[in-house]
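The values are calculated or read from the model by the stated rules, or taken from the named source; none is laboratory data. Computed from a predicted model, the values in this text were never measured in an experiment. Using ideal geometry, Cβ is built from the backbone for each residue, glycine included, and neighbour counts are taken over all protein chains shown.
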Amino acid sequence: MTRSSRTRLRTADMADSRGRIARTRRQASVITLGALTATTLGLAFPANAWAVDTYRSDRCSSSGNNRCVMLNYNSGGNGYWSSSCFISNINISNYAGYYAGDGINVHYVFDRRSLLYSLSNGTSSCQSTSGKGQRVKNNAAAVGNNLTADVRVYYNSGYSGPSDTIGAGNNRNLSATLKNDNASQKILN
Amino acid sequence: MATGDRARRRSGRWAAPGTGVLVLSCVAFLASCAEAVESEGAPRGQVEAGNSIAETVDKTAWPQADVDSGLAKDLKLPVEAYLQTYPEQVTIQQANNTLQRDCMGRFGFDFAPPAPGSHPPGEYNSANMKRRYGITDLGEARQHGYQPPEPVEEWTPYEPEGEVANYVFDLTVSEGQSAPTGQDYQGMDIPEGGCRGESDRIIGEFGDELASKINVDTFQRLKQDPRAIQVNQEWAACMQTRGYSFTSPLEAIDQAFSAPADGAAQDEISQAVADVECKKSTDLVNVYFSVETEMQEEEIGRQRPALDEQKEKNDQVVQNAAAYS
């Protein structure tokens with residue numbers, strides 16, 4: 001990595017909230033330089049020779065990740081869900097990720113973590129590498145909602161399309177049978 | 001970038017305060033029960049057992065049962081009869097809050113979530129009729145582009161405070177940690193599933209998974225239906241004359257949330273206006289709607305006994321919950 005692109009990543013570090021960019025910095029091996037086309041990752045941004053990809057699996061500000069929505073890569077049942085996850089407690093207009101400015105694309109991916117929730121239909125666990133590194137958008141099979149509010153997973157970006165509503169303390173497979181199609185989410189109360 | 005994506009930490013905003021709080025534990029059926037709750041930055045207000053939602057929540061901001069404007073005005077899909085509505089959601093949340101507060105109080109914990117109903121979605125239920133096929137309202141397109149007209153506000157749901165409180169609430173254990181206590185605390189057994197498990201058992205659990213499957217299934221099948229494909233081509237041709245290249249409206253709204261955005265930029269608005277006008281001239285919304293209606297009537301017809309049974313159970317749950325309003 002050249003000096004100037006390293007500097008750009010650091011700028012994004014300061015611009016973002018505590019703790020999270022440190023995780024993406026550890027994934028230095030997947031940060032690439034040069035001509036990144038918007039279509040590879042479903043994000044469009046102004047043509048920028050310094051385009052950089054970073055990856056996040058955590059958009060949850062809750063201390064100890066106590067209160068998050070857990071999206072699991074794999075479906076489950078019989079009281080048990082276990083696969084890599086993406087955790088959050090915010091509205092997300094596009095599960096693909098977002099453009100952080102300065103040519104930096106942030107992509108949401110699943111990751112393994114030492115986290116599990118006891119929910120209405122059983123345990124939703126993130127303690128598995130199954131799906132680790134996979135993109136979250138159109139790739140989640142199940143949801144575990146450990147918030148004290150309901151969450152709605154929409155089948156299209158920008159809170160459009162039909163949705164699955166997962167109540168506070170509930171977990172289940174997403175309704176899609178033909179293909180995974182999770183695109184955005186909103187937290188309701 | 002859509003504002004919803006910036007996580008802004010609000011530590012302690014809804015957390016139960018440490019000092020200076022007067023909390024009267026309240027048995028749900030006492031109509032005269034009143035509770036004064038003070039928390040950092042939260043609106044101060046009396047929460048009475050009989051009137052809690054009405055006094056602290058702006059119901060005028062709630063979504064209406066019928067789409068009131070645009071190309072989807074007054075359209076209602078058959079499956080909507082079986083999907084949970086927002087008012088039902090609020091009623092159930094309120095009852096759970098009341099019961100959970102009582103249970104947590106038994107163990108010596110404050111539990112004071114704000115009254116539900118102050119963060120409504122734009123839609124009445126998961127069918128999301130007005131935005132189901134992307135944007136459908138010309139007035140909103142002119143003002144907001146593809147962005148939802150209701151403020152997509154950033155807020156953080158209430159959290160119990162402290163390790164043991166979180167554990168007693170619903171057996172939550174922080175990432176990488178172990179349970180802070182055993183099966184009992186303060187000499188009392190922790191209910192199965194914590195206080196949340198207890199309130200679920202008392203109220204019952206609302207379940208519309210069967211209806212949800214139909215809601216999502218017909219939408220996915222719609223995309224492959226020849227009638228939808230045909231009208232998509234007509235819409236795409238219309239968009240082409242306006243200078244836009246998309247194969248379907250769903251692709252267009254997806255793209256609108258993929259690009260970096262500063263509010264609704266003028267080019268997003270122009271595209272959004274073209275999108276809705278082309279939907280109007282091709283009658284796309286009505287075509288999609290009639291295809292899905294046909295599919296849903298067929299699926300509902302096949303599964304009616306199970307759907308009706310689930311609805312009956314759900315109505316009972318809402319009734320149980322309403323007793324705590």
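Overview of results
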quantity: Members of region A:90-124 that are more than 7 Å from chain B (Cβ to nearest Cβ), farther than 21 Å from A:Asp181 by Cα and aliphatic (A, V, I, L, M); calculated: A:Ala100, A:Ile104, A:Leu116, A:Leu119
quantity: Hits in region A:54-85 (condition: charged (D, E, K, R) and closer than 16 Å to A:Phe110 by Cβ); calculated: A:Arg56, A:Asp58, A:Arg59
quantity: Region B:164-176 - residue that is part of a helix (DSSP H, G or I) and within 29 Å of B:Thr85 (Cβ to Cβ) and, of those, nearest to the other protein chains (Cβ to nearest Cβ); calculated: B:Asp170
quantity: Condition broken by B:Pro87, with the remaining ones in (1) buried (at least 22 other Cβ atoms within 10 Å of the Cβ); (2) within 15 Å of the chain's Cα centre (by Cα); (3) closer than 11 Å to A:Asn189 by Cα satisfied; calculated: (1)
quantity: Counted residues, region A:61-107 - those being of a type in the set (Gly, Ala, Ser), surrounded by fewer than 23 Cβ atoms within 10 Å (Cβ to Cβ) and at pLDDT 95 or above; calculated: 8
quantity: A:Asn156 being within 10 Å of another protein chain (Cβ to nearest Cβ) and surrounded by 24 or more Cβ atoms within 10 Å (Cβ to Cβ); calculated: yes
quantity: Unique residue being touching a strand residue (DSSP E or B) at 6+ places or on another chain (Cβ under 6 Å) and either farther than 16 Å from B:Val285 by Cα or not β-branched (Val, Ile, Thr) (or both) when the list is B:Phe246, B:Phe257, B:Phe219; calculated: B:Phe219
quantity: Selection from region B:112-164 of residues that are aliphatic (A, V, I, L, M) and within 27 Å of B:Val231 (Cα to Cα); calculated: B:Ala127, B:Met129, B:Ile135, B:Leu138, B:Ala141
quantity: Residue list for region B:70-99, restricted to those being more than 16 Å from B:Val285 (Cβ to Cβ) and of a type in the set (Gly, Ala, Ser); calculated: B:Ala81, B:Ala95
quantity: Candidate set: region B:166-189, residues that are surrounded by fewer than 22 Cβ atoms within 10 Å (Cβ to Cβ) and of a type in the set (Val, Ile, Thr); chosen: the one nearest to A:Arg67 (Cα to Cα); calculated: B:Val173
quantity: So B:Ile229, is it more than 7 Å from chain A (Cβ to nearest Cβ), in contact with a helix residue (DSSP H, G or I) (Cβ under 8 Å, 6 or more places away or on another chain) and not hydroxyl-bearing (Ser, Thr, Tyr); calculated: no
quantity: Residue within region B:130-142 that is within 7 Å of chain A (Cβ to nearest Cβ), surrounded by fewer than 24 Cβ atoms within 10 Å (Cβ to Cβ) and part of a loop (DSSP other than H, G, I, E, B) present; calculated: no
quantity: Of the criteria (1) within 30 Å of B:Cys195 (Cβ to Cβ); (2) crowded, with 24+ Cβ neighbours inside 10 Å, which one B:Glu163 fails; calculated: (2)
quantity: Flag if B:Ala236 is part of a helix (DSSP H, G or I), small (Gly, Ala, Ser) and farther than 30 Å from B:Asp308 by Cα; calculated: yes
quantity: Number of positions in region B:282-325 that are of a type in the set (D, E, K, R) and within 24 Å of the chain's Cα centre (by Cα); calculated: 7
quantity: Any hit, region B:109-128, residues being in contact (Cβ under 8 Å) with a residue 24 or more places away in the chain, more than 8 Å from chain A (Cβ to nearest Cβ), within 17 Å of B:Ile190 (Cα to Cα) and surrounded by 21 or more Cβ atoms within 10 Å (Cβ to Cβ); calculated: yes
quantity: Of residues in region B:209-221 being surrounded by 22 or more Cβ atoms within 10 Å (Cβ to Cβ) and in contact (Cβ under 8 Å) with a residue 24 or more places away in the chain, the one farthest from the chain's Cα centre (by Cα); calculated: B:Thr218
quantity: Any strands (runs of 3 or more DSSP E) falling wholly within region A:91-189 and containing at least 2 residues that are under 30 Å from B:Ala72 (Cβ atoms); calculated: A:97-101, A:142-145, A:150-156, A:160-166, A:171-173, A:184-188
quantity: Positions within region B:177-221 being hydrophobic (A, V, I, L, M, F, W, C), in a loop (DSSP other than H, G, I, E, B) and at the interface with chain A (Cβ under 9 Å from one of its Cβ atoms), in sequence order; calculated: B:Phe206
